[in-house]
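Structure first, commentary second.
The numbers here are math on the coordinates, done by the rules we state, and not lab data. Not measured: the values here are computed from a predicted model. When we count neighbours, we look across all protein chains shown, and the Cβ atoms used for this are built from the backbone with ideal geometry, even at glycine.
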Amino acid sequence: MNFFSGKTLALRRSRLIYRHALPIRLTHWVNALVLIILLMSGLQIFNAHPALYWGSFSNFNRPLVSIGAMRTGSGEIKGITTILGHQFDTTGILGASEDSGTITARGFPEWATIPSVQWLAMGRRWHFFFAWIFVITGATYVLYSLLSRHFSRDLLPSGSDIKSIGRTTWNHLLFRFPQGEEAKHYNVLQKIAYLIVMFVLLPLAVLTGLAMSPRMDAIFPWLLTLFDGRQSARTVHFITAFSLVAFVLIHVFMVIVSGVWNNLRSMITGRYRIKESRENT
């Protein structure tokens, strides 16, 4: 008697495919490092005046967001973050954090900034130098994507992709990830996220960064008009930076839960392992 008579047995096998070309991998890792440095040096610059406003000038009495410190009746330093007029105690994280064993007044803590000590001039040097590396690397990625058809082939959502948004979102919420032929390509959520980063967040980061420079404003005065003033540009720059942080955190989380080694190998060697099913009856 055949135990499997009338039944289907699905056997799993896997194979390696070439998923990421060398230019994609190189620009990915360079940008990953550069974005970390830009964030940390940017927080160093922000700490020189940890408040955000809207318009052309700083309205010290009504900031949109401010991070500061106050001394309590007992003499302790307390960190206070104010958002749209609402105050929150953020001692130990924002406004007042531990520095060499003591709580000191400081916007973002020393471990989050480059350099760790409060040094505005050096923070600016780091930020501006790596900002140009970021622009050059980003332009290289976009140019390669267009010339190699990586953009049209892998990143541009198709009609069927758009129709599958609901199903793909539900599968992600249940941590069900594509296998077989589907795993060879980015899913629609990845495509939309990458396009938002490429054509919304990164251009905003660059343009608002330029708008904060008096020299660039003299050359391109329309930048200040575009963002309704230098302080508005600074606020948009800050929001954009933390939107990128949110994207990176979600990206890293998905890399971990969907197979950390397989994903890392594909971005280091280009090779990605997909699982396929073969049915025997």
Just how large is the dipole of region 51-107 about the Cα centre, in debye to the nearest 20, putting +1 at every Lys and Arg Cβ and -1 at every Asp and Glu Cβ?
-> 200 debye
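Can you give the helix-only mean residue ellipticity at 222 nm for the chain, where every DSSP H stretch with n ≥ 4 adds -39500 (n - 2.57) and the sum goes over all residues, rounded to the nearest 500 deg cm²/dmol? Spell out each step's value before the answer.
Details: 10 runs with 135 residues, N = 281.
Using -39500 (n - 2.57) per qualifying helix, the result is -15500 deg cm²/dmol.
Fewest Cβ neighbours within 10 Å first, please rank Phe175, Phe129 accordingly. List each step's numbers first, then the result.
Working: Phe175 9, Phe129 14.
Lowest to highest Cβ neighbour count: Phe175, Phe129.
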List the relative contact order of region 51-107 as a percent without decimals, with contacts defined as Cα pairs under 8 Å and 6+ residues apart.
-> 26 percent
Using alpha carbons only, how many degrees (0 to 90, rounded to 10) separate the axis of helix 202-211 from the longest principal axis of the chain?
-> 20 degrees
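Taking only C-alpha pairs under 8 Å that are 6+ residues apart, what is the relative contact order of region 96-174 in percent?
Values: 26 pairs, mean separation 8.6, N = 79.
After rounding, I find 11 percent.
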Listed with the fewest Cβ neighbours within 10 Å leading, Glu98, Glu181 appear as Glu181, Glu98
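Using a Cα distance threshold of under 29 Å, what count of lysine pairs results for the chain when pairs must be 8 or more residues apart or interchain? Let's see the in-between values first.
Values: Lys7/Lys275; Lys163/Lys184; Lys163/Lys191; Lys163/Lys275; Lys184/Lys275; Lys191/Lys275.
Value for the chain: 6.
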Can you tell me the 0 to 90 degree angle between the C-alpha axis of helix 22-47 and the longest principal axis of the chain, rounded to 10?
-> 20 degrees
With +1 on the Cβ of every Lys and Arg and -1 on the Cβ of every Asp and Glu, the dipole magnitude of the chain about its Cα centre, in debye rounded to the nearest 20, is 1100 debye
Give the relative contact order (percent, whole number) for the chain; include only Cα pairs under 8 Å separated by 6+ residues.
-> 29 percent
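May I ask for the Kirkwood hydrodynamic radius of region 1-155, worked out over all distinct Cα pairs and given in angstroms to one decimal?
Numbers: mean 1/r = 0.0504 Å⁻¹.
The answer is 19.8 Å.
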